[in-house]
Amino acid sequence: MKKVNVAIIGAGIGQKHYNAYLQLPDLFEVSAICDTNVARAEAFVAPQSQTKLTADFDEILSDPDIELVDICLPPHLHFSFTARAMQAGKDVICEKPLSNSVADVDRLIAISKETGRTVYPVFQYRFGNGIARLMALIESGLAGRAFVASMETHWNRDAVYYAVDWRGTWKGEQGGAILGHAIHMHDLLSFVLGSVDNVYAKVDTRVNEIEVEDCAALAIQMTSGALATSSVTLGGATNTTRLRFCFEGLTAESGSNPYAPAEGDWTFTARAPVTQEKVDAVIAATPEQEGGQVGFSRQVFNAMRGLESEFVNIAEARRSIEFVSAVYQSARSGLPVSLPMKDGDPTYQGWIPT
């Protein structure tokens, strides 16, 4: 089957995307890498590579051989570059966050419909054996009703991290730990337990001298009635990510890998009358799943080539941005905020302070 020709825009986090494509050589050809600092790409692309390096985004858009544009730029550029790429006839992968408002996501949805192009938002935490086994247990009926969930995003980000000029600012980063660090965990919460009904949030800047928040505590109620908590800080001594789901029939706990919680060592403990034997049987029958960016990229290829796919769609990105909007709205109002969010709500057009 024909490979997908992809261009990576941004050679920072784009290097991780590049390495993922190299692990799928039968599926992807990295035709170009675009960065205003071409030397950044030169540092990791092999000298004998046929990958074109350029600083000109218009050159990428005008290349008829490039089917997919993978946007790995600072957050404030995501909306405009995604829109331009679709309007040029390209499908798009875009790093999180897709935009800085629900309104802009709705504009991208409209452009997607007009152009027939697809946006694949990057939520690579969904891919890995841990989440695959949890979803299999839910689908088997053994998990039963969800009671509660807890999430920890406890990372260590100091002044050196924020020495990059656009980080830690509303203009450049568009938000703090809620947007840039915990967004994947909150996507996993909805992926596993369904839609959020309401959220009550407290946020603060306690670790670094930056404009945006670096600590948060959230109380969340799902549409199903399940309750969840999320603890977020960039002042951890280590980088730790952890999830725990308590269901009627079992409890599921992740390991503490900070950047790949869907992977690693999960434990699934039966709760009577469900037996451990039944839980273990479902786990044993669940196929191995590629994790992280590699697993995500394979699903994008499948979608683009008309194969069965579990790709992340733009509606799910909207749900993620909607949740971020609600968190900032709640933190400022001191009140819980209900979802879904609609035009006219206080943060529908954006959460960045004026």
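The values are calculated or read from the model by the stated rules, or taken from the named source; none is laboratory data. What you are looking at is a predicted structure, and each value in this text was computed from that prediction instead of being measured. FYI the Cβ positions are ideal-geometry reconstructions off the backbone, even for glycines, and counts take in every protein chain you see.
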Task: The listed residue being in the same structural domain as TRP266 (by TED's automatic domain parsing), surrounded by fewer than 19 Cβ atoms within 10 Å (Cβ to Cβ) and of a type outside the set (Val, Ile, Thr), out of GLU173, GLU211 - done: GLU211
TODO: Spot the failing condition for MET151; the list is (1) in contact with a strand residue (DSSP E or B) (Cβ under 6 Å, 6 or more places away or on another chain); (2) in the same structural domain as ALA11 (by TED's automatic domain parsing), and only one is missed.
DONE: (2)
Open item on the list: Looking only at the stretch 237-277, count every residue that is of a type outside the set (A, V, I, L, M), in contact with an Asp or Glu (Cβ under 9 Å, 6 or more places away or on another chain) and within 19 Å of GLY180 (Cβ to Cβ) and tell me the total.
Closed with: 4
TODO: Test each condition in (1) touching a His at 6+ places or on another chain (Cβ under 9 Å); (2) among the hydrophobic types (A, V, I, L, M, F, W, C); (3) more than 23 Å from ALA149 (Cβ to Cβ) for VAL232 and report the one that comes out false.
DONE: (3)
Open item on the list: For the condition under 20 Å from GLY292 (Cα atoms) and in contact (Cβ under 8 Å) with a residue 40 or more places away in the chain, what is the one hit in PHE123, PHE57, PHE81?
Closed with: PHE123
TODO: Return the only residue of SER195, SER112 being assigned by TED's automatic domain parsing to the domain that holds GLY264, in contact (Cβ under 8 Å) with a residue 12 or more places away in the chain and surrounded by fewer than 23 Cβ atoms within 10 Å (Cβ to Cβ).
DONE: SER195
Open item on the list: For the condition outside any strand (DSSP E or B), of a type in the set (Lys, Arg) and free of Cβ contacts under 8 Å to residues at least 40 places away in the same chain, what is the one hit in ARG332, ARG319?
Closed with: ARG332
Task: Single residue of ASP158, ASP106 found to be among the acidic types (Asp, Glu) and assigned by TED's automatic domain parsing to the domain that holds ARG242 - done: ASP158
TODO: Could you please find all residues in the stretch 134-149 being assigned to a helix (DSSP H, G or I) and surrounded by fewer than 23 Cβ atoms within 10 Å (Cβ to Cβ)?
DONE: MET135, ALA136, ILE138, GLU139, SER140
Task: Output for the stretch 80-109, where each listed residue is part of a helix (DSSP H, G or I) and either surrounded by fewer than 23 Cβ atoms within 10 Å (Cβ to Cβ) or at pLDDT below 95 (or both) - done: SER80, PHE81, ALA83, ARG84, MET86, GLN87, ALA103, ASP104, ASP106, ARG107, ILE109
